[in-house]
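The numbers here are math on the coordinates, done by the rules we state, and not lab data. Keep in mind the model is a prediction, meaning the values are calculated, not measured. Because the Cβ atoms are built from the backbone with ideal geometry, glycine has one as well, and the counts that use them run over all protein chains shown.
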Amino acid sequence: MAKIEDMPDVSLRLLEIFAAMMRCSTTVETAEFLGVSQPAVSAGLRQLENQLGITLFERTGRRLQPTAEARDLFEEIRPLFGLLRSFSTRARDMRSGRVGRLRVIATPPLGYSVGPKALRAFLADRPNVTVSYDVRRLSNVLEAIETGQADVGLILNAEKLETVNSEIVQRSQMVVLLPEDDPLAEQSTIAAEDLKGRQIVGIDQASQLGRLVAKGFALGSAPYEPQIEVRYCQTAAALVADGMGLTVVDPYSAQPYLQRGLVARPFMPACEIRASVLTRKGVPHSSTLLGFMEAIRAHINA
């Protein structure tokens, strides 16, 4: 086992430069991000490489490309900066005299539907609680919960999660959102094969919900060939509302458009989705967090 005196004496400042360089493309961009000079960034990277005895970046043209070793080390220290941001946020809240603070992060379907309703009810009798509320992609939500940057996450998920606590608060299924005067709107359910030859607004198949829809079409032995593909279900719903065809989305994203000339019908074969509340493993729930989670349960089933 290596002795403590043999360990490299790496400062947080050098790690901060390294982490910023991993997110940026050049030392100039890194310097602008950190608010330091470009030579300071270059010197810091050289110092870190000397201390570790590892090459972290290789120059390719005007850019520095991280080595495989750099990528591995970055994954090791990524949670550290989440913890430091969390520490700074809590210290700022104490300094300003705030009694309580809740940090919420959600993916768009719940972040723009159930989340705001639950938050309004939650804050009604908690005037001294302040809230940070953010809507991001699923990968960002998971990272924020894992590293402690957020207290609670709200997501739609079709796959098992191992790195966070996950509580399912409602099970639902994907729906077809289409104009109310469309002949298919007369059906109680709409099968994948019913959509052959129709103009479909699809969800990015790099996302969980996009993969789920594509799998549904495959199980229904129907081709899935969206003419338009978007990242978020809300975007797909907005395009359908503007006369761009039909789409298969989650019911939360469809809900705001049901009073605007559109209807939703269950998509078959059924594609189950789970509305879940995420919290960090190994961290006790505060009374503030428990209160918000109770508000989510109440409003998602209302």
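With the contact rule set at Cα under 8 Å and sequence spacing of 6 or more, what percent relative contact order holds for the chain? Don't skip to the end; give the middle numbers.
Numbers: 479 pairs, mean separation 61.4, N = 302.
Once normalised by length, the contact order is 20 percent.
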Practice task
For segment 175-270, build the charge dipole from Cβ charges (+1 Lys, Arg; -1 Asp, Glu) around the Cα centre, then report which of 222, 262, 197 sits farthest towards its positive end.
Solution key: 222
Problem - On Cα atoms only, tilt of 138-147 relative to the major axis of the chain in degrees - result: 40 degrees
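Can you tell me the alpha carbon radius of gyration of the chain divided by the globular rule-of-thumb value 2.2 N^0.38 Å? Present the calculation step by step, with values, prior to reporting the outcome.
Working: Rg = 23.7 Å, N = 302, 2.2 N^0.38 = 19.3 Å.
After normalising by residue count via 2.2 N^0.38 Å, the value is 1.23.
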Handout entry: Protection proxy ranking of 233-245, 275-287 - average other beta-carbon atoms within 10 Å, highest first
Key = 233-245, 275-287
Exercise for the section: For helix 38-52, report the angle its Cα long axis makes with the longest principal axis of the Cα atoms of the chain; keep it between 0 and 90° and round to the nearest 10°. Expected result: 80 degrees
Exercise for the section: Please sort 143-153, 14-24 by packing, taking for each peptide the average over its residues of neighbouring beta carbons within 10 angstrom, highest first. Expected result: 143-153, 14-24
Problem - Nearest-ten-degree value, helix 208-219 long axis tilted from longest Cα axis of the chain - result: 40 degrees
Exercise for the section: Lys and Arg at +1, Asp and Glu at -1: add these up for the other residues within a Cβ distance under 13 Å of residue 269 and post the number. Expected result: -2
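Rounded to the nearest 20 Debye, what is the dipole magnitude of segment 175-270 about its Cα centre when Lys and Arg each give +1 and Asp and Glu each give -1 at the C-beta? Show your work: numbers first, answer last.
Values: 7 positive and 11 negative charges, 55 e Å.
That gives segment 175-270 a dipole magnitude of about 260 debye.
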